[in-house]
1. Rounded to the nearest 0.05, what FRET efficiency do LYS251 and LEU405 have when you use their Cβ-Cβ distance and R0 = 60 Å?
2. Modelling each spin label as a point 7 Å along the Cα-to-Cβ direction, I'd like the GLU123/GLU322 distance in nm, to one decimal.
3. Using unit Cβ charges (K, R positive; D, E negative) and no other charged atoms, how large, in debye to the nearest 20, is the dipole of the chain about its Cα centre?
4. Checking the table LYS138/LYS496; LYS373/LYS598; LYS138/LYS458 against a 32 Å threshold on Cα-Cα, which pairs fail?
5. To the nearest 20 Debye, how big is the dipole of the range 437-479 about its Cα centre, given +1 on the beta carbon of each Lys and Arg and -1 on that of each Asp and Glu?
6. Could you check the simple spin-label distance between GLU352 and LYS465, using points 7 Å along Cα→Cβ, in nm with one decimal?
7. Whenever you get a sec, compute what percent of the accessible area on the range 400-467 sits on carbon and sulfur atoms (1.4 Å probe).
8. Given LEU626, LEU200, PRO528, which one lies farthest toward the positive end of the charge dipole of the chain, if we put +1 on the Cβ of every Lys and Arg and -1 on the Cβ of every Asp and Glu?
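The values are calculated or read from the model by the stated rules, or taken from the named source; none is laboratory data. Bear in mind that the values here come from a model prediction, so they are computed numbers and not experimental data. Quick reminder, even Gly has a Cβ in these numbers, built from the backbone with ideal geometry, and neighbours come from all protein chains shown. When the accessible area is computed, the model is the full protein with side chains, heavy atoms only, and any ligands, DNA or RNA have been set aside. Shrake-Rupley method; radii C 1.70, N 1.55, O 1.52, S 1.80 Å.
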Amino acid sequence: MNFSSPEHTRNVWGQIEENLRDRHKLKGARFLGNNKFSSNSIESLLDSLADNLAQVGTVSIDRLNKRWGDRQNRNWVKIITFVLSEYAYYNDAEGGFWDNLFVRLQISNTQGIKQAFYNILQEGFDLLGVVKAKGGYKYLSTLYLQSGIPQQSLSHFAELVRYVANNLGWWNIVHRYNEIDLAQTLYDIALEKHPEKRTLNRFLKISCLNDRPDREDVEPLSGNLLKYIATVALELERRQQSPSILTNEQKREQYLQGLSLPYNFFLRNWDNLASVLTPQRVSSTRANQIIRQRKRELILRLDTLELNLQLVLPEQSLWRKEWKNLTNSFCHIPQAKWESNINYPNSLEIPELCVNLHTLGNTLGDRRLWQLKNANKCDLIEWHCEGVNDNFPLLIFDAETGDRLNLSPENPQITGINELVCYFSAHTNLQTNSDIEVTDACFPCLIQNWQAKEIRLKGRSADFKLIGENINISLNWKSASKRQPILRGLQLKNKKPIYLEVPQIYYPLSDSVESIRIQIEDMDRQLPITPPDQEILVRLTGEEWQRIELNKWIETTGNYEVRLWHGNWSWSTSIAIQFHYQISANINTQKIQIQNSKHHEISSILPIQYHVKSDFWMEQITIQGLWSFEPSIFVLSGSEENQKYNYSAQADQTGCLNLSLMSLREVLPDCDRYSLEWVRLGNSQKLIEILTQVE
């Protein structure tokens, strides 16, 4: 093969392309590993590549472009990309991928040569329309993604999957654990049980976040793969089919196409795994003894119910070998006022811990630090949360979920979110155009010298700016490229919405889709409630949306997961249902109790009276004895008759409602007197008032 001849490389690529089974699939959904080539033919291609590189001399992308040309078709780029993906599958050397490759090609392993191959792969992935890894090891992860598990590691990986499935259970793998935790668990167990299997361990290692502490976007290849394998195992059990169907290439492809699997799933060889895909039911207690979840960092989140900024430590299970001598010893997280005991070798279970940011200090630029300490006040683990960057002094949250958006200061772009809450300096101005609506210009902000605005994107895209002293930031905002299904139904506003009736799905219609698949899983009973291969016909009626009724399958309260998919597209959501008559049947008739920030019972002395405004705004009211999720209206009044602001809040499931007066500090103009009333069942009760102002 002569890479310098465009005609020759065109013929060679034509022969390769004929043997690629995915060549007719949509761009971005193809796998180079789905082909008909033997390892001997790949070795021949590698020999030809080595010979051609030897004629080039010093390898660089400019030199290759000059010598091999083919500016129009770039067939040599396609050939090299294919050969490297095959090398990732067939390579049986014990060293690292790039080290082995360069030895095989008889070229030096330098950063410049490696960069040339990076450039070739980047272009090749785009030209061939392959599925790409989303993060982490950008090129190597994508090469491994093309086939799944390297050939020489298939039997050992199957043994590893069997062990994990026996201890976790297929359902737990699919629904209970995330891909990053599963990837780390696979790697830990492989090191423990098969330390000599270096090729397998290297493959598993690149999937682990702990191996890349500088990156949060590592692609958990092995964790994803394990989840998809578990999905197949559950479906085999559900359909009462033998795993042996997966060893037949034609039957396997037809079978897998009917499952709720993501488009970026492909496994080249199922022969070893077919023998381990037997039903596995494991208790949660047993599962906890094997899964080793990663440390989850401290995050900053917007509480969409009480509209406070919160420091949140996500729920996590922690286990450290060095805790062996701390069995049954006391530990605590002082910043969250949480304490427990270490019971090695069991995991330390930490629930989600939330602290309102304004109770810790009125600054956003500080880097927050929480520690897990032992009884001697020594640090066992630290969690961090970065504050606001001086070069990018703003915070942006998804108004629906409260999640913080981590934007690039060099090119801040927001995609796929329709409503935002922006926090920025009180001395900074927000400038928008007609495609952005300011939905709440007085969004409560408890952080001193900061302000907040809630904004909504009305068009397809728009820009907005933040301009102030030493600040001039422009942000680009785009809606989702494709419309997504919408859930509609009577619900209670909560961090995780609770529906009081079975909701409906409104599906955005498309001329190119004739039917969609649906699967509904009862998460409490760990069972699917839709029949296998359940389809919904798409009816084009001139409307933009098609309504999908879920009550034909969901008949009782509980927690459910709903998934829709067709082709390469999929969408899923989790819903909790609690019928409204069940809530009203459990109305709490206990006496209403009202406490202030000092935890004093003040129900009998209302309204509580202050003479100083600062005392008024620092007050926090707790009302107990309400109905579950009962909504309440509060009216803040100023000195003038027209100075009124209505504020709605909702009790939690236990009937408790918390209200911070500071959250209402900016909603009325400054005046001498304020009062707060609570309206319930048509009756009003004045809670707090200022009599005179003496400050």
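1. Working: r = 45 Å, r/R0 = 0.75.
Computed FRET efficiency for LYS251 and LEU405 comes out at 0.85.
2. 4.9
3. On the way: 75 positive and 81 negative charges, 310 e Å.
With only Lys, Arg, Asp and Glu charged at Cβ, the dipole is about 1480 debye.
4. Values: LYS138/LYS496 34 Å; LYS373/LYS598 28 Å; LYS138/LYS458 35 Å.
From the list (LYS138/LYS496; LYS373/LYS598; LYS138/LYS458), the Cα-Cα distance tops 32 Å for LYS138/LYS496; LYS138/LYS458.
5. The dipole of the range 437-479 has a size of about 240 debye.
6. 3.9
7. Working: 1350 of 3590 Å².
About 38 percent, which is the carbon plus sulfur part of the accessible surface.
8. LEU200
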